[in-house]
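The values are calculated or read from the model by the stated rules, or taken from the named source; none is laboratory data. Quick caveat, the model's predicted, so the values are computed rather than measured. Neighbour counts are summed over all protein chains in view; Cβ atoms, including those assigned to glycine, are modelled from backbone coordinates with ideal geometry.
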Amino acid sequence: MSAPLVEVSAIARSYAMRSGMFGRATAVHAVDGVSLTIAKGETLGLVGESGSGKSTTGRIVLGLEPPDSGEVRFDGKPMAAPATAAWRAQRARMQMIFQDPLGALDRRLPVAAQIREPLDIHDLGTPAEREDRVRELLRAVELTPAHGARYPGALSGGQRQRIVLARALATKPDFLVCDEPVSALDVSIQAQVVNLLVDLQAQLSLTLLFISHDLRVVRQISTIVAVMYLGRIVEIGSADDLFARPEHPYTQALVSASPAPGRRSAGRIVLAGDPPNPAARPQGCAFHPRCPRAIGRCASEVPVLSAVGSNRQVACHLVTGAETRDAA
Amino acid sequence: MAPLVSIRDLRVAFNGVPVLRGVDVSLQKGEALGLVGESGSGKSVTWLAALGLLPRHAQVTGSVLLDGREILGAPAAELDHVRGGRVAMIFQDPASALNPVLTIRRQLCEALALHRDLSGEAVKAEARRLLDLVGIPDAARRLSAYPHEFSGGQVQRIMIAMALAGNPDLLIADEPTTALDATIQAQILELLSTVRREIGMAMVLISHDLGVVAENCDRVAVMYAGRIVEEAPSNQLFADPVHPYAQGLIGALPPLDGPRRRLTAIPGTVPDPARMPDGCAFAPRCTLAAEPCGLASPSLAPIADDRAVACIRAEASRRALLGIAAE
């Protein structure tokens, strides 16, 4: 394995939230003690339901938001303070793609001008070189210069996401955070964009943090997958192995809930209860109120992410504590 | 057995632009039919048109028989009896389908008063029974809550309760779980199939998610550009799709187990309804397209007892699939 490009150690972030207009402010722990490393050229997939903190993790890793505690290191160096020259240089090496390409593009500007913008901001190349680079980027995402002259409204959803991708690649970044990049696209278009992303990653040896709720897409693109629940990582392991043999009861339920053509729903694990509320995190293991296998210890003691086998880490008393497994 | 619903040559045009170009589909009592296709393929419009729910400027032609009675263009009084009574509908965004300033009790009782001969305490008792049925805990107390006090999954349960208020024979579920998280989606789908079994209701499940449809329906119809291109029992469609578009949709779905393979993306995009290609609408994106494909639009023709496909290259397409499988 090559050296890590991104090292995230024990980052935490909480927001103050009021219930009602005059309610007391309560702290919502969006992310709570998340550690990750992503090796160069690797893709880490981050899955979880809404409110699990996966997008906040992505924003902190990119330095769009400071963590309350913990640290993010990029290429061996800590993140520079925002709005400094060092920060700007670092930010050119890392880019982000969001779910809604129309929201990420300016509707009143031809898309080629928008692809060019990062080159102007970071002052890369002469004006003529920038024009060449825009054409090259359009080709890289399998569009033509004719597409570049259009406005976002005149492009399809899949084409817009390609434009966003081309713009993100303009500064030749090493690291790309993709937050639900294909969730808004139809299946056939989704496959086009996923294939394109896989190809570009191989060509440009990009490192990716791929955030999605869609297990299938995550498995297709990731080498390592981390599963988040209420701000914590509950399981992390190699993509193929994790989905084939999930250990954490939550991962098992997620995999089982993913519908598959040609399989009837017999034997599916259907979790009881509502999606978790980050403002009212249960004591002990946050998952225990919905867990079909919870034992007494789960309600009081927070399980720690610990190694199970050679390349898997799980935060669950039932999986890591051998004695408790017998007792259960 | 006479079908519960039988749609024949249903066509819809908005301002002269055809969006539904001749749909034929029928549904037996108690059957679950899945409708899949990409955005704009006409899955929702088919049922909105059938129930007379499209805006007035939509031109709708064809025939929709409910228990042998024509309901397309039926008088408003008759449609009021059908909608919510015989046929109920639930949508993707349940929160916007509820009135935020009225309690759940008011809204449920309204539906009950409209479609059932109940009054006074009986209405309230029935409202409580429905909430219990859809798995809202502490139903008696929760009836006086407002929509915002429920989570997204619970609001969809309430919508299902309201849909069941008129004891419908058919429930049209239009992307009922698309806005929900995976574990909640599993809950709602399980609820729908339990309820359906218990009261013997037929269901049309509209979804862009092949997996959701495959697991919850007996029969699936695949739509493309305003037409049904293939219809088959779910297990057969997914094991052996015939139409190149159906094959493409299944190939584009990343597998969750087994070896990873490159996704077989369908090139290009869905045609613009105002500039529909001549002949088969899928031909410009089809790898198997031949010259005759551009001449006439193929009609949905049976290829087995319970299967039909609209493709003149169906045989070639089947061979191509087997060839791939043999490699």
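So which residues in region A:134-149 are closer than 22 Å to A:PRO181 by Cβ, more than 14 Å from every other protein chain (Cβ to nearest Cβ) and out of contact with any helix residue (DSSP H, G or I) (no Cβ under 6 Å at 6 or more places or on another chain), if there are any at all?
Once the filter is applied, which keeps residues that are closer than 22 Å to A:PRO181 by Cβ, more than 14 Å from every other protein chain (Cβ to nearest Cβ) and out of contact with any helix residue (DSSP H, G or I) (no Cβ under 6 Å at 6 or more places or on another chain), region A:134-149 yields A:GLU136, A:ARG139, A:ALA140.
List every residue pair whose Cβ atoms sit under 9 Å apart, with the two residues 6 or more apart in sequence or on different chains, where the first one lies in region A:1-25 and is under 23 Å from A:THR223 (Cβ atoms) and among the acidic types (Asp, Glu) and the second, anywhere, is at pLDDT 80 or above and crowded, with 18+ Cβ neighbours inside 10 Å.
A:GLU7/A:LEU36; A:GLU7/A:ILE38; A:GLU7/A:VAL72; A:GLU7/A:PHE74
Pull up region B:128-157, narrow it to residues that are among the small types (Gly, Ala, Ser) and at negative phi, then point me to the one that is surrounded by the fewest Cβ atoms within 10 Å (Cβ to Cβ).
Of everything passing the filter in region B:128-157, B:SER144 is surrounded by the fewest Cβ atoms within 10 Å (Cβ to Cβ).
Among the residues in region A:75-93, are any among the polar types (S, T, N, Q) and touching a residue at least 40 places away in the same chain (Cβ under 8 Å)?
No; the residues of region A:75-93 include none that is among the polar types (S, T, N, Q) and touching a residue at least 40 places away in the same chain (Cβ under 8 Å).
Those residues that are crowded, with 20+ Cβ neighbours inside 10 Å and closer than 17 Å to A:GLU71 by Cβ, I need them from region A:31-52; list them, please.
A:VAL31, A:ASP32, A:VAL34, A:LEU36, A:ILE38
Does region B:238-248 contain at least one residue that is more than 29 Å from A:LEU254 (Cβ to Cβ) and in contact with a Gly (Cβ under 6 Å, 6 or more places away or on another chain)?
Scanning region B:238-248 turns up no residue that is more than 29 Å from A:LEU254 (Cβ to Cβ) and in contact with a Gly (Cβ under 6 Å, 6 or more places away or on another chain).
If you take the residues in region B:142-172 that are within 13 Å of chain A (Cβ to nearest Cβ) and in a loop (DSSP other than H, G, I, E, B), which one is modelled with the highest pLDDT?
Looking at residues that are within 13 Å of chain A (Cβ to nearest Cβ) and in a loop (DSSP other than H, G, I, E, B), I get B:PHE150.
Is region A:85-100 home to any residue that is within 14 Å of another protein chain (Cβ to nearest Cβ) and on the phi < 0 side of the Ramachandran plot?
yes
Go through (1) crowded, with 21+ Cβ neighbours inside 10 Å; (2) under 19 Å from the mean Cα position of the chain (by Cα); (3) at pLDDT 90 or above one by one and return the number of the condition A:ARG91 breaks.
(3)
Within region A:219-240, take every residue that is within 11 Å of chain B (Cβ to nearest Cβ) and either among the polar types (S, T, N, Q) or farther than 19 Å from B:ALA186 by Cα (or both) and give me the one that is farthest from the chain's Cα centre (by Cα).
A:ASP240
For region B:1-21, what are the residues that are crowded, with 18+ Cβ neighbours inside 10 Å and in a loop (DSSP other than H, G, I, E, B)?
Scanning region B:1-21 gives a single hit, B:LEU4.
Does at least one position in region A:300-314 carry a residue that is more than 12 Å from every other protein chain (Cβ to nearest Cβ), part of a loop (DSSP other than H, G, I, E, B), touching a Pro at 6+ places or on another chain (Cβ under 6 Å) and without any contact (Cβ under 8 Å) to a residue 24 or more places away in the chain?
no
With touching a residue at least 60 places away in the same chain (Cβ under 8 Å) and in the same structural domain as B:GLY16 (by the TED database) as the only criterion, which of B:GLY120, B:GLY40, B:GLY62 stands out?
It is B:GLY40.
For region A:197-217, what are the residues that are assigned to a helix (DSSP H, G or I), within 9 Å of chain B (Cβ to nearest Cβ) and touching a residue at least 40 places away in the same chain (Cβ under 8 Å)?
Result: A:LEU215, A:ARG216.
Could you tell me which numbered condition A:ASP106 fails, if it satisfies all but one of (1) assigned by TED's automatic domain parsing to the domain that holds A:VAL193; (2) closer than 30 Å to B:ILE266 by Cβ; (3) of a type in the set (Asp, Glu)?
(1)
Within region B:164-207, restricting attention to residues that are under 12 Å from the mean Cα position of the chain (by Cα) and among the small types (Gly, Ala, Ser), which residue is nearest to B:SER6 (Cα to Cα)?
Among them, the one singled out is B:ALA202.
So, in region B:173-191, how many residues would count as being within 11 Å of chain A (Cβ to nearest Cβ) and not in a loop (DSSP other than H, G, I, E, B)?
Qualifying residue count, region B:173-191: 10.
Take B:SER41 and tell me if it is of a type in the set (Gly, Ala, Ser) and surrounded by fewer than 21 Cβ atoms within 10 Å (Cβ to Cβ).
No, not satisfied.
For region B:296-310, check the following and say yes or no: at least one residue is within 30 Å of A:VAL217 (Cα to Cα), touching a residue at least 12 places away in the same chain (Cβ under 8 Å) and either out of contact with any Pro (no Cβ under 8 Å at 6 or more places or on another chain) or not small (Gly, Ala, Ser) (or both).
Checked region B:296-310: at least one residue is within 30 Å of A:VAL217 (Cα to Cα), touching a residue at least 12 places away in the same chain (Cβ under 8 Å) and either out of contact with any Pro (no Cβ under 8 Å at 6 or more places or on another chain) or not small (Gly, Ala, Ser) (or both).
Counting only residues that are touching an Asp or Glu at 6+ places or on another chain (Cβ under 9 Å) and under 26 Å from A:ASP120 (Cβ atoms), which one in region A:168-203 is surrounded by the most Cβ atoms within 10 Å (Cβ to Cβ)?
A:ALA170
Out of region A:296-313, which residues are of a type in the set (D, E, K, R), surrounded by 16 or more Cβ atoms within 10 Å (Cβ to Cβ) and either under 18 Å from A:ASP32 (Cα atoms) or touching a Gly at 6+ places or on another chain (Cβ under 6 Å) (or both)?
Passing the criteria: only A:ARG312.
Which of (1) modelled with pLDDT under 90; (2) under 19 Å from the mean Cα position of the chain (by Cα); (3) assigned to a loop (DSSP other than H, G, I, E, B) is the odd one out, the single condition A:GLY41 does not satisfy?
Single failed check for A:GLY41: (1).
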